[in-house]
1. Given a cut-off of 26 Å, name the pairs among B:K36/B:K61; B:K203/B:K358; A:K286/A:K331; B:K157/B:K181; A:K331/B:K78; A:K286/B:K78 whose C-alpha atoms lie farther apart than that in the structure shown.
2. Please say if the stretch B:1-105 is rounded, prolate or oblate, where rounded means a/c under 1.5 for a ≥ b ≥ c the square roots of the C-alpha gyration tensor eigenvalues, and otherwise the choice is prolate for a/b larger than b/c and oblate otherwise?
3. Can you work out the FRET efficiency for the pair B:D281 and A:A385, with r the C-beta to C-beta distance and R0 = 22 Å, to the nearest 0.05?
4. Consider just the alpha-carbon atoms of chain A and return their Rg together with their Dmax, both in angstrom.
5. Using alpha carbons only, how many degrees (0 to 90, rounded to 10) separate the axis of helix A:318-343 from the longest principal axis of chain A?
6. Can you tell me the length gained on complete extension of the stretch A:D155 to A:H352, counting 0.36 nm per residue apart and subtracting the Cα distance?
7. Remind me, relative contact order of the stretch A:1-89 in percent, using alpha carbon pairs under 8 angstrom and six or more residues apart?
8. Return the residues of the stretch B:376-409 for which accessible area with all protein chains present is lower than in the chain on its own by 40 Å² or more; set the probe to 1.4 Å and exclude ligands, DNA and RNA.
Amino acid sequence: MTLDLTADQRLFQQTAREFLAETVPVATVRALGEAGTGFDGQWWRSATELGWTAMLVAEEYGGGTISDRPMTELALVAVELGRACAPGPFVTTNAVLAGLASAGAGVGETVAGIAAGAVLASWAVYEPGRGLDIVNALADGATPGDGEWARAVRDGDGYRLTGVKDRVEAGDRADIFLVTAQSADGPVQLLVPADAAGVTVTPTWTLDLVRRTARIDFDQVAVPADAVVHTGAAAAAAVRTQLHTAAVLTAAETVGATDKAMDTTLSWLTDRFTFGRALASYQALKHRMADNKTWLEACRATAGAAAAAVDDDPATAAEAVSVAKSYVGAKASVIGQDCVQLHGGIGVTWEHDLHLYLRRIGLGRALYGTPEEHRRRITDLLVTAA
Amino acid sequence: MTTEVEPVAEFRARARVWLRDNLPPNPPDQGPPDSKEEWDRARELQRLLYNGGFAGICFPKEYGGLGLTPAHQQAFTKESYAYEMPLILNVPTLSICAATLVDLGTEQQKQEHLTAVLRGDELLVQLLSEPSGGSDLAGLTTRAERDGDRWILNGSKIWSSGAYAADYGLCLARTNWGVPKHRGLTMFLVPIGAPGVTVQRIKQVTGSTEFCQEFFDDVALGDDAVVGEVDNGWEAASRLLYHERSAIGGTSPYISGARPHLGGEDSHILELARRTGQLDDIRVREDIGEARAMTVVRDQLIDHITRSVLAGELPPAAGSITRLFSAENSWLQTDMAVKVAGAAAATHAPGDPADTAKIGTDFLFRAAWSLAGGSTEMARNVISERVLGMPREYAADREVPFNEVRRGR
C-alpha cells in the first residue's frame, strides 16, 4: 500500500514479516489446515506480543499505537498475513476490539485479556442466509422487523439472547463472542462466553484452510448487565466501526494474498519454457500480467487509502471503506483466477500453493460485505449526500 | 529578497481571493475545442492568469513560471474548479510540449517559448504520429535533410490535437537512414505558419474536428529549431512521451485547473438512473456504486503511483499503470451509461428525460481513451517489460539500419 511509512512502522512491518516466515511457513499452514485446528493458541499469544492487537486498545489495557495511525498499522500486518496465508483470528479480534474501545471501563479487563491473547474473542454478526444488508441497517440505526434478527429480550438488568449467528470467525476456538443483536431498545451488543448455558458451537466448512468459521446457536442465553456493551445509537456506531475495521483489514489481507499469487506467477512465467522460449516472453501473457499488475496496484492504492481514511476521520470513512472492499474483492478474484490460468494445470492441484492464496482471496471477497453489497452501500451514500 | 517558499495554505488563500475577483464562473461543458475563438478565449484567460501571478505554478521562475511545488499546483487547481480556466492549454501545450522544453530546450528556446506559452501568446502541439505508423512511432518516415545550414522537412503527421490553432509543433523527423530506427531521429520545433506547412482537420465519429493532419513540403528550418541533439531525437521523444503519460494518467504537475478530460469525468450515471426512474433497481444501484468506486480508485491510484515512483518503490515507467487504468475507467463509465440507458442509448427523442444522444456518441468514441497518448497495448508492453521485468518482444528491426527495414506503404 502507499503508506508513507515511518522508520518505526517499517520495523513493525518487517518484524511481522519475519515472525510469519519463521513460525508459519506454508508447510505449517497446510499442516494446521489438515489437522482442522486453524491455529495454535500459544502462537497467537506470541503474535499479540508483537502489537497486533494493541492498536485499537487504550494504553491502560495494554494497548498503544506506533504513530497514532492505528488502522494503517494494522493494515500493514494484514498485508503480511495475506502474503503468508497465515492463520489466526487477527481480523475478527481487531473488529471486536474496535467495538469495545468505545465501551467504557466495564469491559476493561476483557479488553486487556483479548489484547494479550489470553482471551479469544470473535464478532458474531452474520445470520444464516443473510448478507451485509442487515449489518448495514443496524449500523445506520434502523430497526429490522420481528424475526429478522437475533433477539435480546430484557431480563432484569440484563438480557436473554436467542438466535443463530454464522460465519463467526474462529468461532470454534473463541472464548467469548461479541454478539450484535436486536432488542426493544434498538440494536444491542452483548459479550457472551462460549461456555454459557444455551450456547452451541458448530464448526462450518470454510473456503480458507486456516481462517475458519463456525455457526453459533444462542438459546435463551442469559446475559448479565455487565456484559451489555452497547445499546441503541452507541451500538449502531460501534457496529459501523467494527464493520469498517473488519472490511479494511480483510481488503488489506486480500492485497497481500494477491501480491504473493502474482509473485508466484511471475516466477513461474519466467522459469517455464514452451516452444523454446520463456512463457514470460509471450506478449499475450505479458499483456495479461500488465493488466493484473495494474489492478493489483489499484488494490494496494485503495486499501491503503481506506485505512488512511479511517485514521483521518472514522465518521467520513464509509465511502473509502466500501470502495476498497468492493474493488479489492472483485479485482483480487480476477487476478487470482488469472494466476491459476497462467500456471496451467498445475494451478488447480492441491500440491501447488496457489490455491492457498486463492482461498484467502475468495474468503476475503465474501466476508464483511461482497463487492455487490458494498457497491450498493456506495450508492446509498451518494443518494443520501445528493 | 526572501528565498523562502510561500506556504501552501497562504498561497491557496491568496489564490481563492484572486480567482473570485478575476475569473468568470465555470461555463458548462463545451466539448472539444473546434473553433479558433475557443483557443483565443483560452489565450486570453492564460494571459489573465499570467498577469495575476498564477500561471506556470511548477515552471521555473527564470522562464516566467512561479517555481513552486506540485502541492501549490494542486491547491490552486482545487480552488479553481468553480471558475472558467484555459483548460484546453493543459494538453498538450503546457503539460507535454512546454514540459519537454523545460527538460531539453536550449537556453534560447526556453527564453523565447516558455514565457510566451505561460503568457498565452503561444500554443504548442505534438507532431509525432504518422498515417502509416500506428504504435511504431520510431519507424516514422517524415524526413529532414541537410541543405547547407538549413534542414528541409518533408512528410506528413497525423492525430495532432488542435494543430489548426497552434503556433509551433514539436516534430519528430528522420535525419539519418543508415542507422537503426531509434538512432536516426531528430526533434524539431516547427512554426505551424511556416511556408510549406499545410494543416487539414479530421472529422471524428463524434463530429468533432479538433484532430489534424499536417503536410510538410520543403519546409526550411534552422539549427535553432533542433530540440535536444541531432540524431538523438528518440531521447527527446521519450521525454515527451513521459510527459504525455503523466498528463493522460493524471500525475503531471504542469496541469492547472483540472485533470485532462478522461472520458469518465462527466459521467452522470446516478443522474441518468434518477431521471429514467431506475434508482430503486438493485442492479442499477450496484452499477452506480461500481462506477463510482472505479473513479475513486483511479484518483487513489494516481496518488499511489506518484508517491511510489518518487519514493523509488516503483520505476518511472509505472506511469503507464495509471495510463492503462484511466482508459479502463473511461470504458467502464461509458459502458455503465450505455447499460443504464438501455434501449435509449441508441435513440433520443425531444423531451426524453435524459440526454442519451451524448451517451450513444460517447459509445462510438469509447476507444479514443485507450488510443490517445499511445495505445493501451503499448502501455501493457511498458508495464510488463519495464515494471515487471518480463522479456522484450522479438522485433525484426532491432539493430537493423532503417533503410534496410521492410516497411509497408
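1. Working: B:K36/B:K61 30 Å; B:K203/B:K358 17 Å; A:K286/A:K331 18 Å; B:K157/B:K181 17 Å; A:K331/B:K78 30 Å; A:K286/B:K78 38 Å.
Flagged as over cut-off: B:K36/B:K61; A:K331/B:K78; A:K286/B:K78.
2. Details: a/c = 2.08, a/b = 1.23, b/c = 1.69.
Verdict is oblate for the stretch B:1-105.
3. Details: r = 20 Å, r/R0 = 0.89.
Rounded to the nearest 0.05, the efficiency is 0.65.
4. For chain A, the Cα-based Rg and Dmax read 20.7, 78 Å.
5. For A:318-343 against chain A, the angle is about 40 degrees.
6. Working: separation 197, 0.36 × 197 = 70.92 nm, distance 5.39 nm.
Extra length available between A:D155 and A:H352 comes to 65.5 nm.
7. Numbers: 61 pairs, mean separation 35.4, N = 89.
Over the stretch A:1-89, the number comes to 40 percent.
8. By number: B:R380, B:N381, B:L388, B:M390, B:P391, B:E393.
The values are calculated or read from the model by the stated rules, or taken from the named source; none is laboratory data. All of these numbers come straight from a predicted model, not from anything done at the bench. Note that each Cβ is placed from the backbone with ideal geometry, even for glycine, and that neighbours are counted across all protein chains shown. Accessible surface areas use protein heavy atoms only, side chains included; no ligands, DNA or RNA. Shrake-Rupley method; radii C 1.70, N 1.55, O 1.52, S 1.80 Å.
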